[in-house]
Structures are given as C-alpha cells and as structure tokens.
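Chemist: Before anything else, here's the structure in question.
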Amino acid sequence: MPKKKSITVRRFFTLLLAYAMFCVTGGVVASGFLLPAVFGANTAVKALIPSLKTEGINFDVTDLPQKSTIYASDGKTVIAQYYTQNRIVVPLNQVSSYMQKAVVAREDRRFFEHAGVDVQGVMRAFVQTYIKKGDTQGGSSLTQQYVKNVLMSQAEEDNDPIAVYHASEETVARKLREMLIAVQMEKKYTKAEILQGYLNIAQFGNGIYGVETAAQRFFNKSAKDLTIVEAATIAAITKNPAKYDPTENLKESQTQRNIVLDLMYQQGYITKAERDKAKATPVKDTLHVQNVNAGCQAAGDAAFFCEYATKQILNSKEFGKTEAAREKLLEQGGLKIYTTMDVNANSAAMKAARETIPVDDPTGFEVAIAAIRPGTGEVLGFGINRTYDASQSSGGGTKTALNYAVDQVDGGGWGFQVGSTWKPINLAAWMRAGKSINQSLKTYTSYSLSSFPGYSGTGTWPVQNSGGGTTSPETPLESLVKSHNTTQASMAQIIGINSIADTAKLMGYHNSPSGQTDIYSSNSYNPPMVIGSVQASPLTMANVYATIAANGVECTPIALKKVVNKDGDSLKVPSANCHQAISSGIAQTVAYALNQGVVQSGGEAATTQLDNNRKTFAKTGTNESTYMLTGGFVPQVAAYVAVGNAESVQSFNNKTINGVYHSTWYGMYIATPAWKAFMNTYLAAAKIPANNSYGTPDAAYTGTTATATSSSTQ
C-alpha cells in the first residue's frame with residue numbers, strides 16, 4: 001500500500017489556485033485572505049486595516065427600519081403596528097447573556113478573536129465544501145453577516161432593486177466587499193456594538209426582525225428575560241428563517257435548537273447539566289406565540305379608528321412633504337403614535353352598531369356612529385356594523401375598509417343626507433342674525449327660490465311637514481321641537497341661506513364628498529340645504545353638536561394626541577385649532593331648545609332621554625325614507641348616528657330589520673336606540689358624571705326681540 005502523501009507547498013498552492021479560479025467563476029467566498037490564514041490566522045487581516053475604508057454606509061442600529069405602534073388614548077393599549085420590517089431596536093444590555101452567547105455559538109464561535117473576517121472559518125468552509133464535498137458553507141463571520149444585512153436593509157429602504165441585487169448576489173465581488181467592510185467595522189466599532197447591531201438587524205423568522213421582536217413573537221417576553229432554551233430556539237432560526245421558524249416547522253426548530261445547545265456547551269457557555277435539561281424540554285412547551293399581523297387589519301374592532309388615524313398621518317404634511325415620505329415614516333420610522341381613541345367609547349360604538357343592525361342582516365343597511373369630546377376635537381371612537389377588511393377598498397358587503405363615519409378623504413364614503421338633524425344649525429344662524437327663538441313666523445308650503453337672500457335660483461320650492469301642510473304662525477323654537485320644515489324655510493327666507501351656510505361652517509360643518517366639501521359648492525348650496533339635503537359624515541355632524549356642547553367652541557376633529565419618533569423627539573401633529581365659533585349664549589340657548597323642547601317637552605326626540613335622568617340634548621332626523629339619523633350630546637360627549645345604504649339609495653319602507661318590521665321607518669325607531677345605547681354604555685363604562693347645569697338660555701334670544709351678536713362672539 002503506497003504511502004499517503006503529505007500536502008507539499010506546491011500542492012498547497014495548486015489548491016490555492018484552484019480555489020481562486022473557483023472564486024473568479026462565481027464561488028461564495030473570496031480568496032484574498034486565504035494565504036495569511038494558513039500561517040498567521042487573523043494577524044494578516046489586522047495588518048490590512050489601515051488600507052481599508054468604507055464610505056456612505058450607516059451602521060447606526062437606531063437608523064434601522066423600525067415598526068411604528070399606534071396606541072389608544074390610555075397610552076398603553078396597542079391598536080396596531082405598521083412596518084416593512086417588524087423590528088424593535090434594543091441596546092445590548094437589554095438582551096439576555098444567554099441570547100448573546102447562543103448567537104455567537106451558532107454563527108461565529110471565534111467572534112471575539114478575529115478582526116472582522118474569520119479566515120480559519122473561510123478556509124474551513126472551502127475545505128468542507130470543495131475538498132470534502134460536504135454541504136455548501138459560506139464561512140461568513142458574524143460581522144460580515146451584519147454588513148450584508150445592513151446593505152440589504154438600506155437598499156430596500158431606498159427602494160433600489162439594483163442595490164438589493166448587488167447586496168445579495170452570490171459573487172466574489174459581493175463577498176470581498178463584505179470582508180473589506182467587516183474589517184473596517186472592527187476598526188471603528190467594539191465587539192459589543194457589532195453584536196448589538198447584528199442582534200437588532202438579523203431575521204429571526206417569517207417577517208420577524210431583531211431579537212426583541214422575536215422574543216415577543218415567540219415567548220411574549222422581552223429579550224432581556226430569555227432563558228437558555230428560548231435563546232437557543234431563537235438563535236437557531238437565522239440560518240434559515242423560513243424553515244426553522246417554530247411556528248412553521250416545529251420539529252426542525254427543535255432539531256436546530258438542540259444543535260445550538262450543543263454548540264453552547266462545547267464552547268463553555270453552559271454546563272452539561274444545563275444543556276441536557278434544555279434539550280429535554282420540548283419547544284412546543286415553551287412557546288407563547290403572539291399575533292404579528294401588521295396594520296389596521298390586525299386591530300379588531302379598533303380597525304376603523306386605526307384607518308382614520310393612519311389617514312391623518314398620510315394626509316398631513318407635518319409628517320413629510322409627500323405621501324410616499326409619510327408612508328415610509330409610518331412603516332419604518334419607529335413611531336409611537338398616541339391617539340385619541342377611548343377604548344370604552346370605541347367598544348360601545350361598535351357594539352351599538354352591530355346590535356342595531358347585525359353585520360349579516362339581509363337588508364344590508366349600514367350603521368355608522370361617531371363620537372367626539374366637545375371642546376377638544378378628540379375623536380373618541382367609531383361604530384360600524386361591518387367587519388374591517390383592508391383587501392376590500394370599496395363598500396357594499398359585510399367586509400370593507402371604508403369607514404362610513406368619516407369623510408371620503410379620510411377613508412369614508414359620500415356621507416349621509418342629514419335631514420332634520422341639521423335644524424339646530426338654522427336656530428344658531430337665526431340667533432346670530434339677532435333674532436329671537438320665540439318670534440312668530442308666517443309659514444308656507446311653497447317658496448319662490450328668488451326670495452331667499454344669497455341665492456339666485458328661479459322657480460319655486462314646495463315644502464311641507466312630515467304630516468303634510470304647514471303650521472302658521474310658528475316660532476323657530478316650536479319648529480325645532482316639532483321638527484317642522486316649513487318654518488325652517490321661512491327662517492331662511494328672512495336671514496338668507498348664506499347666513500345659514502356661514503354659521504354651518506363656523507360650527508364645523510362641511511360636505512363629505514372629496515372636491516365638494518365646501519358648503520357653498522353647487523351640489524349643496526341651495527334652499528333645501530336648510531332641511532338637511534346635504535351629504536355629510538357622522539363625524540362632521542358629531543362635531544357640529546360638539547360645538548353646541550362646548551359653549552360654542554369649535555375644534556377640528558383630531559385622532560392624534562402625540563407622536564414620538566425613534567429618537568424620543570415629539571413630532572408636530574395636526575392641531576384641533578379650537579376657537580370660539582359662536583357665542584356661548586347662542587350655544588347654551590340651542591342646547592336649551594334641544595333639551596327642554598325636543599327631549600323634555602314631548603318633542604320628537606323624547607325617546608333619546610338617557611339613563612338616570614341625565615340631562616340630554618338631542619335631535620332626530622329622517623331623510624325621506626332613505627336615511628335615519630340622530631345627533632346629540634351631554635357636555636362631555638357628542639355623538640351622531642346615521643343608518644341607511646351608504647352606496648345607493650334604498651328605502652326603509654316595508655322592511656324587516658333585525659327582526660323588526662315597520663311599513664314606515666323613522667329615526668326614532670332605529671337611529672335613536674343606537675345613539676342611546678352607545679351613550680348609556682359609554683357614560684357608564686367611563687364613569688362620566690352628569691352635568692345637569694348646562695343649557696341655560698340667554699335672555700337676549702328668548703324674548704320677542706333680540707340683538708344681533710357682535711362679530712367677536714360669532
């Protein structure tokens with residue numbers, strides 16, 4: 001038997017040449033550091049440091065794409081999370097020592113010895129792959145892997161497909177670049193900083209980036225609390241995030257975890273007893289998997305509010321000059337978004353909407369509820385009798401992403417014709433013109449369009465009350481109590497519809513359809529406007545009632561209280577712009593009319609009376625037979641309910657809705673119970689005390705004559 005030949009210098013260089021040729025033709029490792037590796041290991045690599053440079057690459061872990069989290073008003077309840085990479089960046093001292101050791105054992109056992117490139121590892125990978133013909137191995141150090149991940153992340157963040165390709169292509173050039181940058185990295189950063197960066201950027205499962213997110217995903221705990229078993233489970237995933245994710249392949253996950261445990265033992269990080277105990281623990285017994293769905297789709301009953309809050313970010317230039325920039329900030333900026341949503345209010349609204357008309361009711365009518373806190377602009381919540389589905393951008397089914405309670409620009413629809421719920425605006429405009437709510441007016445069933453100041457139309461407008469005909473004479477207060485249309489027309493004929501339109505705008509009114517939001521648009525500015533022929537969202541109408549509830553202070557509805565970026569800096573958010581829109585005396589007098597007249601004195605909103613004899617301010621409405629409506633408030637909460645078909649005109653007449661049949665439906669049959677159910681439930685849950693002192697009429701507007709308010713109070 002011939003003697004086995006030793007590796008001669010010539011044979012060694014032949015292997016080197018073969019290896020170099022392999023690299024040139026597309027191998028996965030570079031040969032630049034192979035010669036020094038044979039004799040001096042990392043010494044030669046360290047000698048190369050002065051000649052290596054990296055430019056234009058940011059390795060600051062705080063600049064990695066991080067998920068943004070949306071919170072309810074309590075600052076604790078998570079509504080949703082947005083991300084392109086589901087990541088929470090944490091410092092190394094917030095990662096358990098077991099986790100740090102597990103990653104080093106798994107990925108780079110000589111991490112604390114080499115200078116960025118593990119030349120011995122490269123050589124071993126070459127021998128294993130091309131001499132022994134074993135499994136393909138790359139030989140990348142942990143530092144190199146960190147470099148590759150950073151290059152990939154930046155390319156994806158810049159939306160640069162060419163850079164993404166170059167960061168991941170299996171070529172000598174790519175591998176050599178990683179090696180050079182890795183060596184320079186070791187010159188600039190400590191081992192702890194590099195390990196910290198790797199732990200925060202590495203992928204630890206399907207859609208899971210960074211060790212903190214992984215710990216929360218698989219074990220519902222922070223990375224600082226990971227045990228030996230948990231750390232080994234997570235560390236094992238990075239080799240193949242799709243294949244070794246325990247939620248995808250439990251058996252393979254346990255096999256790989258045990259490999260990590262063996263490596264940790266071999267490298268002296270754990271004892272034999274610790275290893276054996278850990279290996280005897282089934283992975284399935286350690287998991288406490290948490291949902292990681294992104295965006296509003298995962299927000300449950302808060303999804304419609306989530307969509308509204310998201311739209312406020314995407315539509316507001318405070319968060320970027322373009323929508324693309326704002327979307328990038330939302331999905332990658334690591335924002336903490338504190339919203340105005342009251343968990344109790346949103347829950348009560350969703351419950352009231354679905355109990356009024358179930359999601360799958362054959363009629364298909366929508367129920368839309370909006371609630372707002374008077375004097376602040378803070379939107380408290382929404383109720384929609386639909387299931388939120390981000391894949392359904394249009395309405396018409398039981399699943400939709402349309403929030404029927406908001407304007408079209410905010411993710412809603414065309415709105416609802418508001419009917420008689422508009423009439424408190426007319427009363428406020430009447431008083432702004434210096435008129436008394438007890439002034440007797442002559443009324444008619446037909447009005448010449450040219451007789452309305454501020455309107456240039458021709459022809460006549462036939463008007464009648466719900467029971468037919470008219471009542472003449474009648475006061476504006478009586479007209480509101482009985483919800484008569486003819487008197488509203490007479491009021492508009494005296495003060496002009498422009499006066500009413502101006503007051504509506506002051507109180508926070510605008511139309512819902514995009515491009516037609518101004519009340520003076522051709523589709524809405526006409527005499528029938530004064531009996532609610534306009535298209536508005538429930539949120540807009542809730543805000544009008546909130547102005548009455550807040551002593552005449554109007555605020556732009558807002559969903560965002562505070563937004564903090566990943567550096568801890570507060571960003572500017574859209575302002576509510578609260579201001580005195582109408583005088584306190586007018587607001588209190590309108591409130592008095594709504595309570596004493598409409599609710600207390602047998603008015604058509606008597607059924608809105610809230611529990612415990614709480615002083616209630618409300619108005620119902622019906623737009624012919626197609627929309628049923630109720631708006632109202634107590635001083636601390638204003639809410640509005642609209643019921644109807646938001647996609648097309650559909651009559652309520654002769655319909656069985658939620659098991660109840662009426663030949664003719666009115667708002668008090670369906671919208672009012674929904675409004676009352678929401679208010680009673682929320683007020684009780686939030687323990688909001690009664691304020692029965694509000695609604696004191698101003699004598700200037702209750703006599704037979706009155707004085708016009710000054711511009712400073714309008």
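Chemist: Which entries in Lys175/Lys243; Lys76/Lys317; Lys328/Lys562; Lys505/Lys619; Lys311/Lys562; Lys224/Lys251 show an alpha-carbon gap greater than 21 Å? Before the final figure, lay out each step's value.
Modeler: Values: Lys175/Lys243 24 Å; Lys76/Lys317 27 Å; Lys328/Lys562 19 Å; Lys505/Lys619 19 Å; Lys311/Lys562 15 Å; Lys224/Lys251 26 Å.
In this structure, Lys175/Lys243; Lys76/Lys317; Lys224/Lys251 exceed 21 Å between Cα atoms.
Chemist: Follow-up. Only loop residues by DSSP count here, and only those with at most 16 other Cβ atoms within 10 Å; note down the trypsin sites (Lys or Arg not before Pro) in region 424-493 that meet that.
Modeler: Values: sites: Arg432, Lys435, Lys442, Lys482; in loops: Lys435, Lys442.
The qualifying sites are Lys442.
Chemist: Take the Cα pairs of region 319-359, get the Kirkwood Rh, then feed it into Stokes-Einstein at 10 °C and 1.306 mPa s and tell me D in µm²/s.
Modeler: Values: Rh = 13.0 Å.
Answer, rounded: 122 µm²/s.
Chemist: Around Gly377, with a cut-off of 15 angstrom between Cβ atoms, what is the net charge of the other residues, counting Lys and Arg +1 and Asp and Glu -1?
Modeler: Numbers: positive: Arg373, Lys561, Lys562; negative: Asp342, Glu378, Asp407, Asp410, Glu554.
With Lys, Arg at +1 and Asp, Glu at -1, the neighbours total -2.
Chemist: Two decimals, Cα atoms only, Kirkwood Rh: what is Rg/Rh over region 414-519?
Modeler: Working: Rg = 13.7 Å, Rh = 14.3 Å.
Looking at region 414-519, the ratio lands at 0.96.
Chemist: With +1 assigned to the C-beta of every Lys and Arg and -1 to the C-beta of every Asp and Glu, and no other charges, what is the dipole magnitude of region 296-382 about the Cα centre in debye, to the nearest 20?
Modeler: Working: 9 positive and 12 negative charges, 89 e Å.
About 420 debye.
Chemist: Given the C-alpha centroids of region 395-437 and region 439-484, what is the distance between them in whole angstrom?
Modeler: Answer, in whole Å: 21.
Chemist: Another question about this same structure. Residue by residue through region 458-472, which ³J(HN,Hα) values in whole Hz follow from phi under the Karplus form 6.51 cos²θ - 1.76 cosθ + 1.60 (θ = phi - 60°), with glycine and proline marked x?
Modeler: Here the 3J(HN,Hα) series is 10, x, 10, 10, x, 9, 8, 7, 4, x, x, x, 8, 10, 9 Hz.
Chemist: Would you list Ser479, Ser96, Ser68, Ser648 from fewest to most Cβ contacts within 10 Å?
Modeler: Numbers: Ser479 28, Ser96 20, Ser68 23, Ser648 10.
Ranking Ser479, Ser96, Ser68, Ser648 by Cβ neighbours within 10 Å, fewest first, gives Ser648, Ser96, Ser68, Ser479.
Chemist: Starting from the exponent 0.38 and prefactor 2.2 Å, build the expected Rg for region 532-628 from its residue count and divide its actual Cα Rg by it. Before the final figure, lay out each step's value.
Modeler: Working: Rg = 17.6 Å, N = 97, 2.2 N^0.38 = 12.5 Å.
Compactness ratio reported: 1.41.
Chemist: Sticking with this one: Where does the Debye-calculated log10 I(q)/I(0) of region 230-314 sit at q = 0.14, 0.16, 0.17 Å⁻¹, using only Cα point scatterers of equal weight, no solvent?
Modeler: -0.60, -0.67, -0.71
Chemist: Here's something else I'd like to know. Determine by what factor the alpha-carbon radius of gyration of region 192-338 differs from 2.2 N^0.38 Å, reporting the quotient. Write down the numbers at each step before the final one.
Modeler: On the way: Rg = 18.9 Å, N = 147, 2.2 N^0.38 = 14.7 Å.
My calculation over the Cα atoms of region 192-338 gives 1.29.
Chemist: Then there is this: When we measure straight from the Cα of Lys442, which aspartates and glutamates land under 16 angstrom away, once same-chain ones fewer than 8 places off are left out?
Modeler: Lys442 reaches Glu474, Glu478.
Chemist: Can you tell me the Rg and the Dmax, both Å, for the Cα atoms in region 270-348?
Modeler: Computed over the Cα atoms of region 270-348, radius of gyration and Dmax are 20.5, 59 Å.
Chemist: Now a separate question. For Lys321, what charge total do you get from the other residues with a beta carbon under 15 Å from its beta carbon, if Lys and Arg give +1 and Asp and Glu give -1? Spell out each step's value before the answer.
Modeler: On the way: positive: Lys317, Arg326, Lys328, Lys572; negative: Glu318, Glu323, Glu327.
Once positives and negatives cancel, what remains is +1.
Chemist: Using only the alpha-carbon atoms, what does region 252-404 span along each of its principal axes? Please give whole angstrom values in decreasing order.
Modeler: Answer, in whole Å and largest first: 65, 44, 30 Å.
Chemist: Once you keep just the Cα pairs under 8 angstrom separated by 6 or more residues, what percentage relative contact order results for region 454-513?
Modeler: Values: 33 pairs, mean separation 20.3, N = 60.
So the answer I get is 34 percent.
Chemist: Further question on the same structure: On alpha carbon coordinates alone, what is the Rg over Rh value for region 589-686, Rh being the Kirkwood radius?
Modeler: Details: Rg = 13.9 Å, Rh = 13.9 Å.
Rounded to two decimals, Rg over Rh is 0.99.
Chemist: Output the relative contact order of region 178-270, whole-number percent, from Cα pairs under 8 angstrom with separation of 6+ residues. Working shown, then result.
Modeler: Numbers: 93 pairs, mean separation 17.7, N = 93.
Value for region 178-270: 19 percent.
Laboratory data are not the source of any read-out in this text; all were calculated from the coordinates shown. The model shown is predicted, which means the values in this text are computed figures rather than measured ones. Cβ: placed from backbone, ideal geometry, glycine included. Neighbour counts: every protein chain shown.
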